[in-house]
Amino acid sequence: MPSPQFVHLRVHSEFSITDSIVRIEPLVEAALAAHQPAVAITDLANLFGWVKFYRAARARGIKPILGVDAWLANESERERPHRMLLLAADARGYLRLCDLLSRAWLVGEHRGRAEMQARWFDEPNHGLILLSGAQQGDVGQALLAGNHEAAVRLARQWAARFPGAYYLEVQRTGSRDAETQTREAARLAAELGLPVVATHPVQFLRPEEFRAHEARVCIAEGEILANPRRPRRFTEEQYFLSQAEMAERFADLPEALANAVEIARRCSLPMTLGKARLPQFPTPPGITLDEFLRAQAAR
């Protein structure tokens, strides 16, 4: 297989039930057909598809990458949360991701969203790679608002929390905000000496599936497909682009494509499946686990 030009790091699967119709097995086949050595699933605030995806990808010789499209609480505008992309580079990152998601659902839930707090990332984030969230991230929103000072401050904070593992994310999905954010993020990256990475938010695999995808979104949001006034959060271009298509879109930012491949190389999360992993159960001093269980059963 020739050296890849690009690897998809932002894919919602069938486990993002409100906005994706991408099934696991066809996703793996699409990556194989596109000569991509790896592909990620990054579902919205959940890891439910990981085991199924891991098995399917490994069976076809594709490297599986695990991530989460995460909500980030916006303290100044509670109803407009930000987004960011967290990728597990190794087992430590996987456990950290599990902890963050559990905390988000238990104490950070707001209006059905499992929101993470920026201050949680002041703790060590070993094994995690953070992508800024493009135009939906806090840095991207600051750039779109013309608040360069805030964008610089936020980018520096995230870079300090994720040393060597924070990337300014850029996208070209056909929307005006995406192109504006890409241009401004590239400038910010050059100013701060931060890496930039290209992603493409995949919600369906083929262009002709856009209408089916929109039907899924309408069902989730209680909207009518034919309503001309309904919010349209997705574009027809959010299908599984080939490496050549991505190379054409980012011909002016080849380093953004190269960094997508580099991130894929950095992520390695082997799993042992089919083996029970029971928690360590403490017993009183001098008493074995078998003795303790017998005593409890006899009570």
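At q = 0.13, 0.17, 0.20, 0.21 Å⁻¹, work out log10 I(q)/I(0) for the range 1-150 with the Debye formula, treating every Cα as an identical point scatterer and leaving solvent out; two decimals please. Each listed q maps to, in turn, -0.62, -1.00, -1.26, -1.34. Here the chain is assigned +1 on the Cβ of each Lys and Arg and -1 on the Cβ of each Asp and Glu. Its dipole about the Cα centre then comes out at about 700 debye. Peptides 65-78, 244-257 ordered by packing proxy, namely the average of other Cβ atoms within 10 Å per residue, highest first: 65-78, 244-257.
Of the peptides 269-275, 154-160, 131-137, the ranking by mean beta-carbon count within 10 Å, highest at the top, reads 131-137, 154-160, 269-275.
Computed across the range 143-299, the Kirkwood radius stands at 20.3 Å (inverse of mean 1/r, all Cα pairs).
Treating the Cα atoms of the chain as identical point scatterers in vacuum, please give the log10 of the normalised Debye intensity I(q)/I(0) at q = 0.07, 0.09, 0.12 Å⁻¹, two decimals. Computed log10 I(q)/I(0) values: -0.29, -0.46, -0.79.
Carbon-plus-sulfur accessible fraction, the range 1-92 (probe radius 1.4 Å, protein heavy atoms only): 56%. Here the range 88-196 yields Rg over Rh of 0.99, to two decimals, using C-alpha coordinates and the Kirkwood radius. Here the Karplus relation 6.51 cos²θ - 1.76 cosθ + 1.60, evaluated at θ = phi - 60°, turns the backbone of the range 10-21 into coupling constants of 9, 9, 8, 9, 4, 7, 9, 5, 8, 8, 9, 10 Hz, with x for every Gly and Pro. Two decimals is fine: what is log10 I(q)/I(0) at q = 0.20, 0.25, 0.28 Å⁻¹ for the range 188-236, from a Debye sum with one equal scatterer on every Cα and no solvent? So the normalised log intensities are -0.70, -0.95, -1.12. The simple spin-label model puts a point 7 Å past each Cα toward its Cβ; for ARG176 and ILE224 those points are separated by 2.8 nm. Computed from point charges on the beta carbon alone (+1 for Lys and Arg, -1 for Asp and Glu), the dipole magnitude for the range 147-299 about its Cα centre is near 600 Debye. Note on the range 207-299: Rg/Rh from C-alpha atoms, Kirkwood Rh, equals 1.35. Bridge orientation summary for the chain: considering DSSP beta bridges with both residues in this region, about 45 percent are antiparallel. Choose one of GLN243, MET271, ILE224: the residue whose Cα lies farthest towards the positive end of the charge dipole of the range 157-299 (beta-carbon charges +1 Lys, Arg; -1 Asp, Glu; about the Cα centre). Of the candidates, MET271 comes out farthest on the positive side. Relative contact order of the chain: 20 percent, from C-alpha pairs under 8 Å at least 6 residues apart in sequence.
Around the amide H of HIS110, modelled in the peptide plane, lie the amide H atoms of GLU115, all under 5 Å away and 5 or more residues distant in sequence or on another chain.
Residue separation of GLU109 and ARG299 scaled by 0.36 nm, minus their Cα-Cα distance, works out to 64.3 nm of gained length. For the range 91-179, with every protein chain kept in place, what is the accessible area per residue (1.4 Å probe, Å²)? Here the residues of the range 91-179 average 46 Å² of exposed surface. Its residues counted as N, the range 1-50 yields a C-alpha radius of gyration over 2.2 N^0.38 Å of 1.17. Equivalent ellipsoid of the range 140-194: semi-axes from √(5λ) of the C-alpha gyration tensor, largest first, are 19, 12, 9 Å.
The values are calculated or read from the model by the stated rules, or taken from the named source; none is laboratory data. Predicted, not measured: the structure shown is a model, and the values here were computed from it. Ideal geometry is used to build each Cβ from the backbone, glycine not excepted, and the neighbour counts take in all protein chains shown. Each accessible area value is taken on the protein alone, full model and side chains, heavy atoms only, with ligands, DNA and RNA left out. Shrake-Rupley method; radii C 1.70, N 1.55, O 1.52, S 1.80 Å.
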